[in-house]
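Below is one structure, written out as structure tokens; comments come after it.
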Amino acid sequence: MTAFTIRPGTVADAPGIARVHWDSHQTTYVEPGLVRRDLVEAWTLRDRVMVWSANLAIAEGRFAPPAGFHRMAIHVAEQGGGVVGWANTSAGRDADGPRDLELEGLYTLDDVHGTGVGQALLDAAIGDRPAYLWALDRNPRAHAFYRRNGFELDGAEKFDDQWQITEVRFVR
């Protein structure tokens, strides 16, 4: 296996992050039948590149967040010259968040599952700090990963209208 590197994301990583986002949504949600294909594919790869370009430019301090965006920290896992995973955190999207830090997303390509890339991203993104996150209610692999890292369900759940799914909240 080729070694990987974890580092802060830059605007140049937007296409790679978008590709991981697209591919992981396909393999994690669409193929197992957890989220409808048309819902995932309506958010095109082109759209994702544009959103991640803006998110990364804001994270780098190139400009203040416009309406609909907020500042986040973004880490990428790079292997063989390409992005194979990413994690993003922020002060939280929820007005009543149980912690001051939210892990908004952590995705890796299937090829690197079980290699330590996800753990390294989590460690870089939040370390051992208290945090919270939302996960699909029917994603046992993610639930086990977060539990191994000290997160527990706190009983909160919400319905995501865009993806037509129920999410559950983990806190540590």
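The values are calculated or read from the model by the stated rules, or taken from the named source; none is laboratory data. Treat the numbers as computed from the prediction; the structure is a model and nothing was measured. Virtual Cβ from ideal backbone geometry, glycine too; neighbours counted across all protein chains shown.
Structure notes:
- Residue check, residue 108 at pLDDT 95 or above, over 17 Å from residue 167 (Cβ atoms) and in contact with a Gly (Cβ under 6 Å, 6 or more places away or on another chain): yes
- When 63, 69, 4 are checked against the criterion of being in contact with a helix residue (DSSP H, G or I) (Cβ under 7 Å, 6 or more places away or on another chain) and surrounded by fewer than 13 Cβ atoms within 10 Å (Cβ to Cβ), 63 stands alone in meeting it.
- Flag if residue 16 is in contact with a strand residue (DSSP E or B) (Cβ under 7 Å, 6 or more places away or on another chain) and in a helix (DSSP H, G or I): yes
- The number of residues in the range 44-78 being in a loop (DSSP other than H, G, I, E, B), within 22 Å of residue 167 (Cα to Cα) and in contact (Cβ under 8 Å) with a residue 24 or more places away in the chain comes to 1.
- Restricting attention to the range 72-116 and to residues that are among the aliphatic types (A, V, I, L, M) and over 13 Å from the mean Cα position of the chain (by Cα), the residue that is surrounded by the fewest Cβ atoms within 10 Å (Cβ to Cβ) turns out to be 95.
- The range 127-140, residues that are touching a residue at least 24 places away in the same chain (Cβ under 8 Å) and surrounded by fewer than 17 Cβ atoms within 10 Å (Cβ to Cβ): 129, 130, 137, 138
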